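A.B. asks: Before I ask anything, let me first share the structure, which is written out below as structure tokens.
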Amino acid sequence: MIFQPAIIALLLASLVGTMMVTASLPFAVRVLRFWDTASGSESQLEMEKRTYLVSTLLVVVLLSELASLILFVFNADRMSSLFVGAMCAVGTLNVNEFGFPTLYLKIIVFFAASAWLVLNHVDSRGFDYPLVRVKYGALMILAPLMAVAAGVQLAYFLGLRADVIASCCSTLFSGATQVTSDKLAAIAPEASLAGLVAALGLVMVAGRRALATGKGAVVFALLSLVAFAMAMEAVVAAISVYVYELPHHHCPFCILKGEYGHVGYALYLPLFAAAALGLGGGIAQPAARIQSLAEAAPRIMRRCVGSSMAGFGLFGAVTVWLIWRSHLILIEPERLLFFLPGGQP
Amino acid sequence: MRLWLNKQRNLLDFSLSSLSRRRGKTLGMLAVYTSIVFLLASVMLFSHAIRREAATVLAKSPEVLVQRMVAGRHDLIPARHLDAIKGIRGVQSAEGRLWGYLFDPAAVANYTLMVPTNPRIEPGKVVIGDGVVRARSADPGDLMSFRAHDGSLVQFKVDHTISRDSALVSADLFLVAEEDFRRLFGIAPGLFTDLAVSVRNPREVIKIAEKIDAALPDTRIILRDEILRTYESVFDWREGMLLVLLAGSILAFAIFSWEKASGLSAEERREIGILKAVGWETGDVIRLKMLEGLVVSLSAFLVGYLLAYAHVFHFGAGLFEPVLKGWAVLYPKYKLTPFVDELQVATLFFFTVFPYTIATVVPIWRAAIVDPDTVMR
């Protein structure tokens with residue numbers, strides 16, 4: 001099923017992106033081996049000029065990588081009408097064994113790409129290319145990651161077969177059974193929400209400390225990844241249930257649909273941005289040790305941590321609002337009497 | 001933040017004025033870019049609109065169709081199958097349908113013959129669709145005659161015509177009474193073309209289909225969902241095919257924009273040289289040039305998309321109609337319902353802006369690394 005416009009676009013983006021990153025690998029090797037700012041040789045000057053090309057290309061490619069994550073999920077949801085038993089993106093991704101790995105890899109590439117972009121941004125603030133080796137070293141990790149993600153995505157799309165009417169007999173009994181319930185959904189909503197509150201609280205505490213003292217951004221980065229995981233789990237176990245107002249519907253994708261007012265975007269966009277920025281804060285802080293970045297790196301770190309905290313805060317606010325407006329009572333009110341007056345009746 | 005915004009605004013100001021200084025080049029680029037977006041957007045808008053049209057039409061069709069198969073071919077189905085189906089719990093109603101195709105040598109076209117059950121048509125009368133009216137220039141009260149299966153003449157009097165509003169499905173319709181239908185084709189009473197089954201609860205459709213399959217092994221069962229799915233993927237496939245064919249033009253466009261971006265005039269090179277001499281860094285020049293590209297991209301995208309919208313929904317998509325719609329003598333005249341889809345816009349963005357941006361990165365970089373002293377000499 002390659003001849004589908006969105007699929008062609010996704011394949012095009014991942015192919016071009018992987019090619020661009022792979023093509024800059026030989027240059028990365030050269031930088032790692034021969035980079036020497038003290039030298040005024042021809043090749044050093046040429047390399048310095050070329051870093052601009054590679055950075056610009058990668059910014060474009062990585063931004064397209066981020067956009068393609070959204071397009072991928074959106075398209076998976078849209079294609080569900082083509083498969084028997086698929087009702088949303090989960091069904092489409094379950095059509096073959098490469099569906100979910102593609103999604104996970106795309107999310108990993110998203111975080112790796114945004115980390116690289118922060119690194120690039122920090123590096124560009126210093127006049128003497130202070131992080132150039134780290135940057136191109138990181139590219140060595142990013143390139144295979146992107147290649148694997150592109151390959152798995154290709155395998156996934158090649159393996160898709162729409163259930164269309166066959167001329168011999170009807171295909172209706174090919175019935176793929178759809179299982180939405182995950183291990184994630186098995187966690188009790190109280191536990192997952194409590195975990196989310198704890199994780200968000202820790203993130204906020206660590207963030208305040210990082211903003212005040214300029215230290216601890218690495219801890220903040222780790223915590224924001226933990227909070228990201230907790231938040232995703234809470235979405236599956238509890239938040240989505242509140243949105244659907246059905247105790248057994250745990251789908252993390254259906255909240256993106258128009259029926260629910262695309263409310264999922266209000267949850268996911270701040271969450272992904274917050275986690276990525278938190279990661280960026282952790283990357284920016286160690287750079288402050290370099291002399292030429294002593295002023296710029298802490299500033300970038302503060303900005304990253306601040307925006308990340310705002311993102312997590314927004315996610316939390318949207319969550320509270322969703323639970324508040326929901327007509328579903330998932331957790332017995334008596335158990336919450338201490339701190340919540342309960343949702344709407 | 002304020003500072004940052006101001007900086008971006010000034011940069012945008014500068015890039016707009018530098019674009020307007022090279023008016024000819026910018027307009028040429030815009031024209032090519034716009035036509036590429038227009039081409040791709042037309043294909044996408046058209047196929048999406050027609051897909052929706054098909055879905056709305058099919059929404060009213062019966063949930064399950066049962067056809068008898070003999071030696072792998074569709075055959076007439078006996079009425080006794082109806083009783084077997086009606087006995088299944090959950091079936092709301094089941095009725096036999098009579099339909100077929102009739103070739104009219106006078107119009108050199110095929111009509112779709114159907115026997116409507118509600119309201120019934122009187123024997124000897126016929127109700128015709130818009131396409132038939134045009135092909136035969138028939139008016140109510142006119143007589144039309146056809147040769148039946150045994151060579152005898154069957155005559156119909158046009159009762160009335162179907163309004164053009166539903167032309168997409170009714171253009172080639174030719175509605176007759178059951179008696180006339182059977183006489184025309186020599187179909188014995190008690191035989192139908194196929195059976196239409198309606199099911200009360202949509203979640204039971206698959207179970208009921210399974211039961212019909214078990215009770216009547218010589219039939220094939222077609223679900224409405226399956227028809228929808230098939231249409232969907234057929235249109236997807238056609239749209240994708242056309243896009244792949246147009247890939248050549250996207251590639252040509254990428255090469256064109258590469259050429260345009262790398263063919264810097266002496267004037268422009270001097271400009272960049274001066275900028276660098278007054279303190280701009282390579283990164284700033286790249287940012288400026290990217291911003292120029294962004295301005296061109298977004299304007300071309302907007303204009304191209306709007307033109308495509310007008311082309312498809314106001315001028316009937318004359319350019320691609322035959323490829324996407326298929327072809328027939330009695331083609332309906334109709335206007336598509338305007339419909340814009342977010343996914344489609346995002347996809348189109350990937351098809352046009354992404355190649356353009358990638359293709360211009362290297363030329364922009366080349367322009368940005370020039371040394372001020374070499375160009376100002």
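A.B. asks: Of everything in the range A:213-239, what is out of contact with any Pro (no Cβ under 6 Å at 6 or more places or on another chain) and over 20 Å from A:Ile283 (Cβ atoms)? Give them in sequence order.
C.D. replies: Correct list: A:Met230, A:Ala231, A:Met232, A:Glu233, A:Ala234, A:Ile239.
A.B. asks: For the condition over 27 Å from B:Leu251 (Cα atoms), touching a residue at least 24 places away in the same chain (Cβ under 8 Å) and surrounded by 13 or more Cβ atoms within 10 Å (Cβ to Cβ), what is the one hit in B:Leu12, B:Leu39?
C.D. replies: Answer to the check: B:Leu12.
A.B. asks: Somewhere in the range A:314-321, is a residue closer than 30 Å to A:Ser68 by Cβ, out of contact with any Gly (no Cβ under 7 Å at 6 or more places or on another chain), loosely packed, with under 15 Cβ neighbours inside 10 Å and modelled with pLDDT of 85 or more? Don't jump to the end; show me each part of the working.
C.D. replies: If we filter the range A:314-321 for residues that are closer than 30 Å to A:Ser68 by Cβ, which is where we start, we get A:314-319, A:321.
Now drop any that are not out of contact with any Gly (no Cβ under 7 Å at 6 or more places or on another chain), which leaves A:314-319, A:321.
Subsequent filtering for residues that are loosely packed, with under 15 Cβ neighbours inside 10 Å retains A:317, A:321.
The next check asks that each one be modelled with pLDDT of 85 or more; those that pass are A:317, A:321.
Within the range A:314-321 (the criterion being closer than 30 Å to A:Ser68 by Cβ, out of contact with any Gly (no Cβ under 7 Å at 6 or more places or on another chain), loosely packed, with under 15 Cβ neighbours inside 10 Å and modelled with pLDDT of 85 or more), the answer is yes, since at least one residue qualifies.
A.B. asks: So, of the residues in the range A:1-13 that are in contact (Cβ under 8 Å) with a residue 24 or more places away in the chain and within 7 Å of another protein chain (Cβ to nearest Cβ), which turns out to be nearest to A:Phe72 (Cα to Cα)?
C.D. replies: Here the answer is A:Ala6.
A.B. asks: Of all residues in the range A:64-79, count the ones that are touching a Cys at 6+ places or on another chain (Cβ under 6 Å) and surrounded by fewer than 20 Cβ atoms within 10 Å (Cβ to Cβ). Explain how you work it out, then say what you get.
C.D. replies: Within the range A:64-79, the first condition is being touching a Cys at 6+ places or on another chain (Cβ under 6 Å), and the residues that meet it are A:77.
Imposing the further condition that a residue be surrounded by fewer than 20 Cβ atoms within 10 Å (Cβ to Cβ) reduces the set to none.
Count: 0.
A.B. asks: Sort through A:Val31, A:Val16, A:Val21, A:Val61 and tell me the only one that's among the hydrophobic types (A, V, I, L, M, F, W, C), at the interface with another protein chain (Cβ under 9 Å from one of its Cβ atoms), more than 29 Å from B:Thr230 (Cβ to Cβ) and buried (at least 21 other Cβ atoms within 10 Å of the Cβ).
C.D. replies: A:Val61
A.B. asks: Among (1) surrounded by 18 or more Cβ atoms within 10 Å (Cβ to Cβ); (2) at pLDDT 85 or above, there is one condition B:Ala261 misses while meeting the rest; what is its number?
C.D. replies: (2)
A.B. asks: Now for a different question. Being modelled with pLDDT of 70 or more and within 14 Å of another protein chain (Cβ to nearest Cβ) is the requirement here; does A:Phe157 meet it?
C.D. replies: Judged against the criteria, A:Phe157 is a match.
A.B. asks: While we're here: Confirm whether B:Ile85 is in contact with a strand residue (DSSP E or B) (Cβ under 6 Å, 6 or more places away or on another chain), among the β-branched types (Val, Ile, Thr) and over 30 Å from A:Ser81 (Cα atoms).
C.D. replies: For B:Ile85, the condition - in contact with a strand residue (DSSP E or B) (Cβ under 6 Å, 6 or more places away or on another chain), among the β-branched types (Val, Ile, Thr) and over 30 Å from A:Ser81 (Cα atoms) - is not met.
A.B. asks: Something else: Before we move on, is A:Tyr129 surrounded by fewer than 20 Cβ atoms within 10 Å (Cβ to Cβ) and among the hydroxyl-bearing types (Ser, Thr, Tyr)?
C.D. replies: yes
A.B. asks: So which residues in the range A:193-229 are of a type outside the set (A, V, I, L, M, F, W, C), surrounded by 21 or more Cβ atoms within 10 Å (Cβ to Cβ) and assigned to a helix (DSSP H, G or I), if there are any at all?
C.D. replies: A:Gly207, A:Ser224
A.B. asks: Scan the range B:125-142 for residues that are part of a loop (DSSP other than H, G, I, E, B) and of a type in the set (A, V, I, L, M, F, W, C) and report the count. Steps first, answer last, please.
C.D. replies: Residues of the range B:125-142 part of a loop (DSSP other than H, G, I, E, B): B:129, B:137-142.
From the residues that got through so far, the ones that are of a type in the set (A, V, I, L, M, F, W, C) too are B:138.
Count: 1.
A.B. asks: So which residues in the range B:236-248 are more than 10 Å from chain A (Cβ to nearest Cβ) and surrounded by 14 or more Cβ atoms within 10 Å (Cβ to Cβ)?
C.D. replies: B:Leu246
A.B. asks: Here is a follow-up. Can you find even one residue in the range B:103-124 that is over 28 Å from the mean Cα position of the chain (by Cα), closer than 22 Å to B:Ser163 by Cα and assigned to a strand (DSSP E or B)?
C.D. replies: Within the range B:103-124, one or more residues are over 28 Å from the mean Cα position of the chain (by Cα), closer than 22 Å to B:Ser163 by Cα and assigned to a strand (DSSP E or B).
A.B. asks: Contact list please: Cβ distance under 6 Å, first residue in the range A:225-244 and farther than 17 Å from A:Ala206 by Cα and of a type in the set (Ser, Thr, Tyr), second residue at pLDDT 85 or above and assigned to a helix (DSSP H, G or I), pairs at least six apart or on different chains.
C.D. replies: A:Tyr242/A:Leu322; A:Tyr242/A:Ile323
A.B. asks: Moving on to the next point. Suppose we keep only residues that are surrounded by fewer than 18 Cβ atoms within 10 Å (Cβ to Cβ) and of a type outside the set (Gly, Ala, Ser) within the range A:135-153. Which one would you say is farthest from A:Met47 (Cα to Cα)? Walk me through how you get there before you give the answer.
C.D. replies: Let us first name the residues in the range A:135-153 that are surrounded by fewer than 18 Cβ atoms within 10 Å (Cβ to Cβ), namely A:137, A:140-141, A:144-145, A:147-148, A:151.
With of a type outside the set (Gly, Ala, Ser) added as a condition, the list becomes A:140-141, A:144-145, A:148.
Numbers: A:Met140: 17, A:Ile141: 21, A:Pro144: 23, A:Leu145: 25, A:Val148: 28 Å.
Once the filter is applied, the top-ranked residue is A:Val148.
A.B. asks: Turning to a different aspect of this structure: If B:Phe181 satisfies all but one of (1) buried (at least 20 other Cβ atoms within 10 Å of the Cβ); (2) touching a helix residue (DSSP H, G or I) at 6+ places or on another chain (Cβ under 7 Å); (3) farther than 30 Å from A:Phe3 by Cα; (4) not β-branched (Val, Ile, Thr), what's the number of the condition it fails?
C.D. replies: (2)
A.B. asks: A further question follows. Give me a count of the residues in the range B:192-226 that are among the β-branched types (Val, Ile, Thr), touching a helix residue (DSSP H, G or I) at 6+ places or on another chain (Cβ under 8 Å) and at the interface with chain A (Cβ under 7 Å from one of its Cβ atoms).
C.D. replies: Of the residues in the range B:192-226, 2 are among the β-branched types (Val, Ile, Thr), touching a helix residue (DSSP H, G or I) at 6+ places or on another chain (Cβ under 8 Å) and at the interface with chain A (Cβ under 7 Å from one of its Cβ atoms).
A.B. asks: From the set of residues in the range B:42-74 that are assigned to a helix (DSSP H, G or I) and basic (Lys, Arg), which is surrounded by the most Cβ atoms within 10 Å (Cβ to Cβ)? Before you say what the answer is, go through the steps one by one.
C.D. replies: So the first thing to find is which residues in the range B:42-74 are assigned to a helix (DSSP H, G or I), and the list is B:42-58.
Those still in the list that are basic (Lys, Arg) too: B:51-52.
Working: B:Arg51: 21, B:Arg52: 15.
The qualifying residue surrounded by the most Cβ atoms within 10 Å (Cβ to Cβ) is B:Arg51.
A.B. asks: Give the range A:154-163 a look and list any residue that's exposed (fewer than 15 other Cβ atoms within 10 Å of the Cβ) and part of a loop (DSSP other than H, G, I, E, B), or say none.
C.D. replies: A:Gly159, A:Arg161 - these are the residues of the range A:154-163 that are exposed (fewer than 15 other Cβ atoms within 10 Å of the Cβ) and part of a loop (DSSP other than H, G, I, E, B).
A.B. asks: Right, another one. Yes or no: A:Leu93 closer than 23 Å to A:Ala266 by Cα and more than 10 Å from chain B (Cβ to nearest Cβ)?
C.D. replies: yes
The values are calculated or read from the model by the stated rules, or taken from the named source; none is laboratory data. Only a predicted model underlies this, so the values are computations on that prediction, with no experimental measurement involved. Cβ: placed from backbone, ideal geometry, glycine included. Neighbour counts: every protein chain shown.
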